[in-house]
1. Find the strands (runs of 3 or more DSSP E) located wholly in region 280-380 whose residues include 3 or more that are over 30 Å from Gln4 (Cα atoms) and in contact with a Pro (Cβ under 9 Å, 6 or more places away or on another chain), and list them.
2. Right, Gln300: free of Cβ contacts under 8 Å to residues at least 24 places away in the same chain and farther than 26 Å from Arg151 by Cβ or not?
3. Name the residues in region 264-279 that are within 17 Å of Gly161 (Cα to Cα) and either in a loop (DSSP other than H, G, I, E, B) or of a type in the set (Lys, Arg) (or both), would you?
4. Identify the residue in region 198-250 that is assigned to a helix (DSSP H, G or I) and acidic (Asp, Glu) and, among all such residues, is nearest to the chain's Cα centre (by Cα).
5. Based on what the data block shows, is Leu69 over 28 Å from Asn160 (Cα atoms), in contact (Cβ under 8 Å) with a residue 24 or more places away in the chain and surrounded by fewer than 20 Cβ atoms within 10 Å (Cβ to Cβ)?
6. Of (1) free of Cβ contacts under 8 Å to residues at least 60 places away in the same chain; (2) surrounded by fewer than 16 Cβ atoms within 10 Å (Cβ to Cβ), Ile371 satisfies all except one. Which?
7. Looking at Leu9, Leu23, Leu46, which is the one that is of a type outside the set (Val, Ile, Thr), at pLDDT 95 or above, farther than 30 Å from Val219 by Cβ and surrounded by 14 or more Cβ atoms within 10 Å (Cβ to Cβ)?
8. Which of the residues spanning region 22-69 are more than 31 Å from the chain's Cα centre (by Cα), among the β-branched types (Val, Ile, Thr) and within 18 Å of Ser313 (Cβ to Cβ)?
Amino acid sequence: MKSQINIGLVGLGTVGTGTAKILLENRDVIARRVGVPLELKRIVDLDVTTDRGLTLPSGVLSSDLPGLLNDPSIDIIIELIGGYDTAKRVMLDAMAQGKHIVTANKALLAVHGEDVFAAAARAGVDVGFEASVGGGIPIIRSLTEGLAANRCVSIVGIMNGTANYILTQMLKENQEFEESLAQAQAAGYAEADPTFDIQGIDSLHKLAIMVSLAYGTPVNVKDVFTEGIQKVTSLDIQYASEFGMVVKLLGIARLHEGAVEARVHPTLIDNHSPLAQVNGVYNAIHVVGDAVGDVMLYGQGAGALPTGSAVVSDVIDIARNIQRQASGRVPPTSFPLDQRTPIRIRPMEELTTRYYLRCMVLDQPGVLSKIAGVLGHHGISIMSVIQQGRQKGQTVPLIIMTHRASERSVQTALQEINQMSSVVSQPTTLIRVEDDGR
C-alpha cells in the first residue's frame, strides 16, 4: 500500500479549477475515505499567469506537459483539456507508463473510446469518466455498478443544460430561439460557439457513451440520429401547451427486438412526465431496468464544482483500487472487452411513434382535406387538428397530431405535402412524441 497517492492535472479551465478546488479544500475528508492523502502534485496548463482563486505551492503549476507525463511518482492523471488529438495523446502516453486516467472528455470517448479502453486494458490501468455525462449526476457508476444486475430496457434523458435552458426560456418568456440563445450566452450558460449544444451533438456524445455501457456494444456515433433545437419556434411551444405537452431535447435509447433504438432530437412529452418538470440548466436521466423498474437521476449537468465533484469521485475510486491492488475490478466499459458484442443500431426510418406536424398553409378551403388525404394514403392516421383561420388568402398554421406511424411513412408523406402550392413559407415542422415521457 502507498502512503500517498499523487495526482497530475492537465487543464486548469473551469472544470479543472473546480476539480483542484475540491481536491485542496476537501483533502481531509478525501484522505479519510481513501485511507491515505491524495496529493495534487502537478498541474499543467498553457496559461500559468491567470489567477484562478487557488492557493498552490510553488512549482505545482507549469506548462511542462512532458514533465508531468514522465514523472514516475504520478499515479493518476486527470485530463481536462477537451478536444481530440492532444487529449488522446495525453491519455495514451500516460497509460503506456502505467498511469491511471480520469477524464470528462465526452467527445473523445464517444468517438475514440474504443482506442482508449483497449489501451487501458493492455496497460492494466483504470479509466474513470463519470464527469463525461451529466456533470455531477452519477449515471456512469449507476450503469456500470448500481444497475449491473439489470437488462437495460431504456435510457431517456435531458442531457444538455444549455438546450434545456433555451427551451425553458422560450416557454416561460414566450421568446423565439435566437433571443433565448442570446440570453443563455449572456448568462454564461452557452458558449460563444454553441453548435455542439444546440445541434444535439453534445447529447449525442453522452447518449453514445451510455448506450455502450448499458448494452455492452461499441457505438458508432454516425449511426445515432441527431437533430438539434434550432428549428423549434415559439409557435411550436405554444401549440405543445395546448396538447398538454412541453418540448425537450431528449437523448433516447431503447432495446427493441434485439436491436437498440438510439436517437437525439426535440421531443414532445406530457406535462405530467417527471422529465417535463426539469427546467433551466438542469439535467435528468431516466433509466428503466427489467428488474429495478424506473430510476431517475437529476442534478446539475455542468459547472465547475458539480463536474469537479464527479471527477474527484473517480479519482477516489481509482485511489481505492490502487491501495488494494484491484485495478480493473470494474471494466470501464461495464462489460469485459471480450464480452462486448456488436448490437445493431436501428435506422431511424424503422421508428414508430406519434408526430406533431405544423404546416404553414394558405387559409383557403380544402387544404386540410388534401393534407389529410396524403397522410391517409401513407397509412398515417390523424389524432387531432388545430386550425386557426384568419383572413382568406393569408398564411396560417395548421397543426396535426398523428396516431403512431412509421418514420419512413411520415417522411415520405411530408415530401409530398411540402410540394403542395397551398403549403408555403417553409417546410413542415416535425416534432416526435414520446407517449410515456420516457
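1. Correct list: 293-300, 352-362.
2. Answer is no for this residue.
3. Val278, Asn279 - these are the residues of region 264-279 that are within 17 Å of Gly161 (Cα to Cα) and either in a loop (DSSP other than H, G, I, E, B) or of a type in the set (Lys, Arg) (or both).
4. The extreme case among them is Asp202.
5. Numbers: over 28 Å from Asn160 (Cα atoms): yes; in contact (Cβ under 8 Å) with a residue 24 or more places away in the chain: yes; surrounded by fewer than 20 Cβ atoms within 10 Å (Cβ to Cβ): no.
So Leu69 fails the test.
6. Every condition holds for Ile371 apart from (2).
7. Of Leu9, Leu23, Leu46, the one residue that is of a type outside the set (Val, Ile, Thr), at pLDDT 95 or above, farther than 30 Å from Val219 by Cβ and surrounded by 14 or more Cβ atoms within 10 Å (Cβ to Cβ) is Leu23.
8. Correct list: Val36 only.
The values are calculated or read from the model by the stated rules, or taken from the named source; none is laboratory data. Here the structure is a predicted model, which is why all the values come from computation and not from measurement. A quick note on method: Cβ atoms are made from the backbone with ideal geometry, for glycine too, and the neighbour counts reach across all protein chains shown.
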